[in-house]
Amino acid sequence: MAEIKQVVKRTGAVVPFRKERITNAIYRAAVAVGGRDRSIAERLADQVVATLEETTPPDHVPTVEEIQDTVEKVLIENGHARTAKAYILYRDERARQRKERAARSAHPSENIPWHELWEVLNWAVDHNLHTVERLNARIAQGEFPEIVRETDRAYNEDITTASEMIGERRDSVKVVIIAGPSSSGKTTTTIKLSHLLAKMGLSLVPLTVDNYFFDLELHPKDEFGDYDFETPQALDLELINEHLSRLIAGEEVWIPFYDFKTGKRHDSQTPMRVGPNDIILIDSLHGLFADMTRSVGDERKFKLYIEPLLQMKGPAGKFVRWTDLRLMRRMVRDATHRAYKPQQTLEHWHYVRSSEMRHIIPYVNTTDYIVNSGLPYELPIMRARLFGHFEKWVEQYRDDPLREDAFIRAERVHHLLKSVTPVEDDSAIPPDSLLREFIGGSCYEY
């Protein structure tokens, strides 16, 4: 019987074998169907390893696909049909995503808001901000303050339009959902929208879904011990829906409180009731995830999506990736406000992106309105603050097969930032700017 010490990844790289990866994959599938007993996942992972060791020839290094086949077999043989189905569906979905990436140039994605992109690109061309080269030229001419004013004006106009649409439906809308991927600017957008609605006599009353997290010990995690807060199944969706139904019916509910320091949820902590001019606000990564608000009819919901839809070409004529903008925002914010090192943010980002692709991006075109939070002027600011980090990470992760995702992102962002003129002085950025949510100095309380 051969002990499994290595595994062959899909890229062909050979990396150390870790049973924890199997445990977490099984547990993640169990969580998706309501299971919360990690000890069961651990016992099943033991069986998977035992089966692999019995069936793998002594000189053979198993592939990821072979290990996944064994996981499916063990789950089904042990009567965990629902978990097996969730695991198979997730595996199939990842395979489909790989195929879509390969064929993306021939088949435009349905998850991209093409009309909004055209509007943003048109604005960028009109303001001479559609390439990094043009951005640098305007900075060289001393126009950075004007770039800030032009950009913020467009962003604020988007929020004004959204507020007017909600006002027109004030008799039917009971829940406003503000959704978007990590660091898209949901908090600042929510504050600005609240101020505009208040002028109409409407009040947004937040239902903070972070308080509905299950206890930390029940969350999935990876082989590095990194807990996954990015999946909607980390939230008690049943309790959220129960409270939404009761609040809309005029009842009082008692909201739980989640203590992030201890990783524990305390139920029935704070009373909440909404009045006739109140609209329940859900500001959440996963606000568009169907099960989050399944107890509320669509006619009672206004769904707003936020994404930095920047339309700017960088080096080699490639468009700047929105996910890279958000990665840099989160690095700066977490380092400033949460004592979380930028390197930790980079290493965790594969979880963030995976969850976005599964639970956020597919719903982009189901929303009532999309706000563009892309700021051309954030690139020179991030260049000044983060370039040295990315330069170091490129070398650090270059030959580490376990951190392949971190290396790819670090190399890409390093190449981008190298082409941007840095701006050290951020005094031209007003205190109500969305970027202040991340770099500090905001007039809003977060």
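Once the Cα-Cα distance is subtracted from the 0.36 nm per residue extended length, the Thr11 to His60 segment shows a gain of 15.9 nm. When you filter the trypsin sites (Lys or Arg not before Pro) in the stretch 1-48 for DSSP loop state and at most 16 other Cβ atoms inside 10 Å of their Cβ, you are left with Lys5, Lys9, Arg10, Arg18, Arg36.
Overall size of the stretch 112-240 from C-alpha positions, given as principal axis extents largest first: 54, 48, 27 Å. The HN-Hα couplings worked out from phi for the stretch 194-205 by the Karplus form 6.51 cos²θ - 1.76 cosθ + 1.60 (θ = phi - 60°) are 4, 5, 5, 5, 4, 5, 8, x, 10, 10, 8, 10 Hz, whole numbers, x standing for Gly and Pro. Here's how it looks for Glu307: its modeled amide H is under 5 Å from those of Val371, Ser373, which are all 5 or more places away or on a different chain.
How much FRET efficiency would the formula 1/(1 + (r/R0)^6) give for Glu133 and Tyr446, where r is the Cβ-Cβ distance and R0 is 35 Å, rounded to 0.05? Taking R0 as 35 Å, the efficiency between Glu133 and Tyr446 is 0.55. Sorting Trp123, Trp393, Trp114 from the fewest to the most surrounding beta carbons within 10 angstrom yields Trp114, Trp123, Trp393. Annotation: lysines with alpha-carbon distance below 18 angstrom to Lys313 (same-chain offsets under eight excluded): Lys418. Cβ crowding within 10 Å ranks Met200, Met382 as Met200, Met382, fewest other Cβ atoms first. Ignoring lysines fewer than eight residues from Lys5 along the same chain, the ones with Cα atoms less than 24 angstrom from its Cα are Lys19, Lys73, Lys221.
Full extension of the chain between Thr366 and Arg246 gives 40.7 nm of extra length, using 0.36 nm per residue less the Cα-Cα distance.
Remark: His415, His243, His350 ranked as His415, His350, His243, counting other beta-carbon atoms within 10 Å and listing the fewest first. Of interest is the spacing of the C-alpha centroids, which for the stretch 303-379 and the stretch 160-193 amounts to 19 Å. Per-residue ellipticity at 222 nm computed for the chain from its helices equals -15500 deg cm²/dmol, with DSSP H segments shorter than 4 residues left out and the rest contributing -39,500 (n - 2.57).
Rule-based calculations on the coordinates, nothing more; no lab input. Worth saying up front: this structure is predicted, and the values here are computed from it rather than measured. Counting neighbours? That spans all protein chains shown, and the Cβs are built from the backbone with ideal geometry, glycine included.
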